[in-house]
Amino acid sequence: MLKNLQKFYYPKSTDEAVTILSEQGARATVVAGGTTLARLDNPQLETVVDISRCGLSYIKEDKEGLHIGATTTFQDLVRSETAQKFAGGLVSKSSGMVSTRLVRNAGTVGGDIVYNYSYNDLPPVFLALDAKVSILEKGSERWVDFAEFSVKHGTLIVGRTGLLKEVLIPQKAKNWRSSYQRFARSFSDWEAQIIVATALGFKDNTCDSARIAAGCIVQHPVRVTEAENAVLGDSPDIKSFEKAADLFCKKIEPMADWRSSKDYRKEVLKTLVRRSLQECRQG
């Protein structure tokens with residue numbers, strides 16, 4: 001529990017929110033959906049900044065790509081026709097598999113990637129789609145590749161002096177075929193044991209781009225370039241999928257926890273990588 005809270009702010013703009021965060025520093029935390037805040041136990045935190053009124057809930061497409069605001073909920077992404085049509089609906093599919101409807105109605109994109117727990121659903125998806133994140137700081141905005149953002153704990157980058165504004169999935173990914181594989185004890189279990197997000201780009205019958213990202217394997221989502229290269233070229237088939245799955249598992253040393261051993265994770269991972277590639281190939 002947060003026993004030392006003294007202030008609770010409701011800024012009405014991102015500028016106001018960033019100003020408050022820059023003044024409060026490490027004493028402050030951002031809240032939108034609140035599904036993670038209730039689990040924090042940090043005696044340093046004295047201030048909560050609720051950004052739900054800052055206009056950061058949106059899903060829109062332009063020439064740059066698909067823009068997803070930080071306070072957009074999982075259920076917003078499930079319902080969005082724009083998201084459903086982008087990259088084979090990968091963001092919508094993965095959001096629809098997050099825990100329960102109650103959680104999806106409250107949980108936000110920003111919370112899922114800033115508090116980047118290994119079992120969170122969206123980080124592997126954004127990594128597979130070459131996403132970028134926009135971070136607002138006092139008087140400036142900067143873009144960070146999601147591959148970099150996901151390696152560092154998001155709370156060390158935003159939420160103290162900066163604010164996550166949005167995620168941008170580039171336009172090049174719009175027509176990619178995709179697959180989302182999630183392995184957990186039950187469909188509604190928040191903490192998955194393995195996640196695989198895959199996106200393949202085709203020109204005619206040739207695979208000219210491949211992204212395979214896995215979550216719950218190490219502390220942050222990972223890609224393996226050698227595995228992706230194995231499926232590039234004309235008419236990828238089951239043999240290339242098997243090779244890609246083997247390469248992915250050889251390059252990764254899974255973590256072990258109370259949910260799964262290393263060997264068990266590696267065996268399931270191989271199956272999910274192969275299955276995701278087959279699903280992408282089928283279109």
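The values are calculated or read from the model by the stated rules, or taken from the named source; none is laboratory data. Computed from a predicted model, the values in this text were never measured in an experiment. Methodologically, a virtual Cβ is constructed for each residue, glycine included, from the backbone with ideal geometry; neighbour enumeration extends over all protein chains shown. Heavy atoms of the whole protein, side chains included, go into the accessibility calculation; ligands, DNA and RNA do not. Shrake-Rupley method; radii C 1.70, N 1.55, O 1.52, S 1.80 Å.
Sort through Val49, Val103, Val109 and tell me the only one that's open to solvent by less than 10 Å² (accessible area, probe 1.4 Å) and closer than 20 Å to Arg182 by Cβ. Lay out the reasoning, then the answer.
Numbers: Val49 fails: closer than 20 Å to Arg182 by Cβ; Val103 fails: open to solvent by less than 10 Å² (accessible area, probe 1.4 Å).
Just a single option satisfies the conditions, and that option is Val109.
Any idea which of Gly69, Gly55 is within 23 Å of the chain's Cα centre (by Cα), exposed (fewer than 15 other Cβ atoms within 10 Å of the Cβ), of a type in the set (Gly, Ala, Ser) and over 23 Å from Arg211 (Cα atoms)? Lay out the reasoning, then the answer.
Working: Gly69 fails: exposed (fewer than 15 other Cβ atoms within 10 Å of the Cβ).
Exactly one of Gly69, Gly55 is within 23 Å of the chain's Cα centre (by Cα), exposed (fewer than 15 other Cβ atoms within 10 Å of the Cβ), of a type in the set (Gly, Ala, Ser) and over 23 Å from Arg211 (Cα atoms), namely Gly55.
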Every residue from the stretch 45-60 that is assigned to a loop (DSSP other than H, G, I, E, B), over 13 Å from Gly111 (Cβ atoms) and touching an Asp or Glu at 6+ places or on another chain (Cβ under 9 Å): Cys54, Tyr58
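Does Asp189 satisfy being over 24 Å from Gln278 (Cα atoms) and open to solvent by 10 Å² or more (accessible area, probe 1.4 Å)?
Details: over 24 Å from Gln278 (Cα atoms): yes; open to solvent by 10 Å² or more (accessible area, probe 1.4 Å): yes.
Taking the combined requirement at face value, the residue satisfies it.
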Answer residue from the stretch 248-279, given it is polar (S, T, N, Q) and modelled with pLDDT under 95 and is surrounded by the most Cβ atoms within 10 Å (Cβ to Cβ) among those: Ser260
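Would you mind listing the helices (runs of 4 or more DSSP H) fully within the stretch 79-169 where at least 3 residues are more than 13 Å from the chain's Cα centre (by Cα)? Lay out the reasoning, then the answer.
Details: elements: 81-84, 90-95, 101-106, 109-114, 122-128, 146-151.
The qualifying helices (runs of 4 or more DSSP H) are 81-84, 101-106.
Per-residue answers, yes or no, for (1) assigned to a helix (DSSP H, G or I); (2) free of Cβ contacts under 8 Å to residues at least 40 places away in the same chain; (3) hydroxyl-bearing (Ser, Thr, Tyr):
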| site | (1), (2), (3) |
| --- | --- |
| Leu247 | yes, yes, no |
| Lys250 | yes, yes, no |
| Trp258 | no, yes, no |
| Tyr264 | yes, yes, yes |
| Glu267 | yes, yes, no |
| Cys280 | yes, no, no |
Residue ID - nearest to Gly162 (Cα to Cα), chosen from residues in the stretch 5-43 that are in a loop (DSSP other than H, G, I, E, B), modelled with pLDDT of 80 or more and polar (S, T, N, Q): Ser13
Odd one out for Ser276, checked against (1) out of contact with any helix residue (DSSP H, G or I) (no Cβ under 7 Å at 6 or more places or on another chain); (2) part of a loop (DSSP other than H, G, I, E, B): (2)
